[in-house]
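Input: a single structure, listed below in structure tokens.
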Amino acid sequence: MAVERKFIAEGVRKARVEKYLSKELKRAGYGGMDIARTPLGTQVTIFAEKPGIVIGKGGKLVHQLTLDLAQNYGVESPQIEVQQVTNPSFNAQIMAERLANALERGWYFRKAGSSIMRRVMESGALGCEVVIAGKLTGARARTQKFTEGYIKHCGEPSNTIVEKGYAVAIKKLGVIGVQVKLVPGGAKMPDHFTIIEQKKKVPAPAAMVTSIGDVESEEPALPDEKLGEDQ
């Protein structure tokens, strides 16, 4: 297989696995996954808000996930590891799923979008962007964007620093797509800099040297005294 075809096949496989896990682990607060090749097989790390639901009773669910990844998606010797998301407000995928659930429950799109953005910013994020697209109020599709703070849209920081999440809300009028981008608190931007003020050197006070015999002593210089007129 050519190198280009191999890269494309790996990307398609990862997208299929991502879609499968997001559907199966929706109740567990699925927050994304990471796939890495190891000498013993394929390490699949699942990030979830409720890891107990991912593991299941006696490890039944995680065992079923391992079999499905190996048989249906061609993952070689999958080894699943579950990690808990400590701060869900900094996980873009979890925030996107919550926004989609709010829209399906009947929340007005402006209220739902601003609520998610406000929660992310109150948690200490540097920036947040929420995009809702679809049939929001009528038969014609439209796009609504909510932005606050600092967001990178291009370059390497947009791929390494900005967290991205996608979700879909199914309503009677049609399908509504949801996209959430955020910059976690404490992220170091390449264009960030600090100015260090130079400390001013304080000159040392002048000293007057007087010699008494063979011993020298230093005394502070006295200010000039004003001479009297009758002197």
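Checked against the criterion of being more than 18 Å from Gly31 (Cα to Cα) and touching a residue at least 12 places away in the same chain (Cβ under 8 Å), the candidates Ile176, Ile195 yield just one match: Ile176. Please specify each residue of segment 172-192 satisfying the condition of being closer than 19 Å to Tyr108 by Cβ and surrounded by 14 or more Cβ atoms within 10 Å (Cβ to Cβ). Within segment 172-192, Ile176, Gly177, Val178, Gln179, Val180 qualify. From the list Gln71, Gln144, Gln83, Gln64, which one is under 26 Å from the mean Cα position of the chain (by Cα) and closer than 21 Å to Ser22 by Cβ? Unique residue meeting the criteria: Gln83. Only one entry of Glu76, Glu18, Glu49 meets the criterion of being more than 19 Å from Glu163 (Cα to Cα) and either touching a Lys or Arg at 6+ places or on another chain (Cβ under 8 Å) or not aliphatic (A, V, I, L, M) (or both), and that entry is Glu76.
Applying the set (1) under 22 Å from Gln179 (Cα atoms); (2) touching a Pro at 6+ places or on another chain (Cβ under 7 Å) to Asp34 leaves exactly one unmet item: (2). A single entry from Asn91, Asn87, Asn159, Asn101 fulfils the requirement of being surrounded by fewer than 19 Cβ atoms within 10 Å (Cβ to Cβ), in contact with a strand residue (DSSP E or B) (Cβ under 8 Å, 6 or more places away or on another chain) and within 21 Å of Gly32 (Cβ to Cβ): Asn101. Of Arg27, Arg13, all but one fail to be under 24 Å from Val168 (Cβ atoms) and either among the β-branched types (Val, Ile, Thr) or part of a helix (DSSP H, G or I) (or both); the exception is Arg13. Summed over segment 146-156, residues that are part of a loop (DSSP other than H, G, I, E, B) and surrounded by 13 or more Cβ atoms within 10 Å (Cβ to Cβ) total 3.
On the basis of being under 21 Å from Phe90 (Cβ atoms) and touching an Asp or Glu at 6+ places or on another chain (Cβ under 7 Å), does Ala125 make the cut? Spelling it out, it is not the case that Ala125 is under 21 Å from Phe90 (Cβ atoms) and touching an Asp or Glu at 6+ places or on another chain (Cβ under 7 Å). The set of residues in segment 35-51 that are within 27 Å of the chain's Cα centre (by Cα) and surrounded by 12 or more Cβ atoms within 10 Å (Cβ to Cβ) comprises Ile35, Thr42, Gln43, Val44, Thr45, Ile46, Phe47, Ala48, Glu49, Lys50, Pro51. Across segment 172-218, the number of residues qualifying as over 30 Å from Ser123 (Cα atoms), of a type in the set (D, E, K, R) and either at pLDDT 70 or above or assigned to a strand (DSSP E or B) (or both) comes to 7.
Looking at segment 164-181, is at least one residue farther than 22 Å from Gly32 by Cβ and among the aliphatic types (A, V, I, L, M)? Yes, segment 164-181 contains at least one residue that is farther than 22 Å from Gly32 by Cβ and among the aliphatic types (A, V, I, L, M). Going residue by residue through segment 105-116, is there one that turns out to be closer than 20 Å to Lys19 by Cα and either surrounded by fewer than 16 Cβ atoms within 10 Å (Cβ to Cβ) or more than 19 Å from the chain's Cα centre (by Cα) (or both)? Within segment 105-116 (the criterion being closer than 20 Å to Lys19 by Cα and either surrounded by fewer than 16 Cβ atoms within 10 Å (Cβ to Cβ) or more than 19 Å from the chain's Cα centre (by Cα) (or both)), the answer is no, since none of the residues qualifies.
Please specify each residue of segment 144-173 satisfying the condition of being in contact with a Lys or Arg (Cβ under 6 Å, 6 or more places away or on another chain) and closer than 24 Å to Gly29 by Cα. Passing the criteria: Val162, Lys164.
The values are calculated or read from the model by the stated rules, or taken from the named source; none is laboratory data. All of these numbers come straight from a predicted model, not from anything done at the bench. Glycine also receives a Cβ, built like all others from the backbone with ideal geometry; neighbour counts cover every protein chain displayed.
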